[in-house]
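Heads up: the structure comes next, in structure tokens.
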Amino acid sequence: MSATSIIQSNRGKLSSITTVLPAFNEAENIKATLDKVAAFLPTVSDDWEIIVVNDGSVDNTEWIVKGMGKVDPRIKCYNHAMNRGYGAALQTGIFEAQKEHVFFMDSDGQFNIEELPLLIEHIGQYDIVAGYRAKRQDPWHRRFNAWGWNRLVRLVLGVHIVDIDCAFKLFRRSVFDKVLIRSLGAMVNTEMLAQARRFDLRIKELPVTHYARMHGNPTGAKFRVIFKAFRELFKLWWKLRAVCPNQKGILHGRPVVAHQ
């Protein structure tokens, strides 16, 4: 697909964009995040939608999103009956995306949607534009874990990415004609970018601002999440050996079970 078909040159806007927001128990954050995203997207595209994937929340996340969707039908809510994991939420959101570009970010206010144009500026020349946290606003132990994880991924998979788990990424939707998501948990970013490298897709990295989480508790540093990620890393190493050039991606399969 040419750069001119990716971006409307007359106004410098994307032709269309889906924003995917995975959410698990984000009742304290989701309305503020959706307000900001819905207010900003019209500045980058006239054809947009927001997909919130409510990943088995036990708070009011679902009802807040559905209430906002009644006011603006471009805000859509897909629900997992139980918590399936971050990767499963992304899989559902990407599969349901209807626009030419897919952007995802966390729903907890740790990123600024107004920095999306930094990524858009390069999507005409790249298949994936990935943000990396210029200055992580996380406790020291989470920063240390991330440092070690990035180096382990480089060693095991040979994927050299500055901040592989940064949840601020823009894709051409066509990427998912080939890229699959099998990881239901924390390995999802690693899996996507490792496959992208295998297929020689073009990846651009850019620094973005990171903010401390205002409400709720992150789950990524829990021991069970870390242990599962290590186990999935070595499973992924094995699966990548079988990746073939004609692999069919997410858009040709089925998402995890979800309902609106």
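No lab work stands behind these numbers, since they all come straight from the coordinates. These numbers were taken from a predicted model, which means no experiment stands behind them. Counting neighbours? That spans all protein chains shown, and the Cβs are built from the backbone with ideal geometry, glycine included.
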- prompt: Counting only residues 5 or more places away or on other chains, whose amide H sits under 5 Å from the amide H of Val20 once H atoms are built in the peptide plane?
  reply: Ile51, Phe103, Phe104, Met105
statement: Under 14 Å by backbone N from the virtual spin label 7 Å along Cα-to-Cβ at Lys239, the residues of the range 81-104 are 85-92
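Going by how many other beta carbons lie within 10 Å of each one, how would you line up Lys204, Lys76, fewest first? Don't skip to the end; give the middle numbers.
Values: Lys204 15, Lys76 19.
So the ranking, lowest neighbour count to highest, is Lys204, Lys76.
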- line: A correct Karplus calculation of ³J(HN,Hα) over the range 166-172, with 6.51 cos²θ - 1.76 cosθ + 1.60, θ = phi - 60°, whole Hz and x for Gly and Pro, returns 4, 8, 8, 9, 10, 10, 6
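Neighbour counts of other C-beta atoms within 10 Å: give me Leu170, Leu236 arranged from fewest to most.
Leu236, Leu170
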message: For Lys13, what residues show an amide H to amide H distance below 5 Å, using hydrogens built from the backbone and excluding near sequence neighbours?
response: Gln8
- line: By Cβ neighbour count within 10 Å, fewest first, Thr19, Thr43, Thr190 rank Thr43, Thr190, Thr19
Distant-in-sequence amide H partners of Glu205 (H built 1.01 Å from N, under 5 Å): Ala130
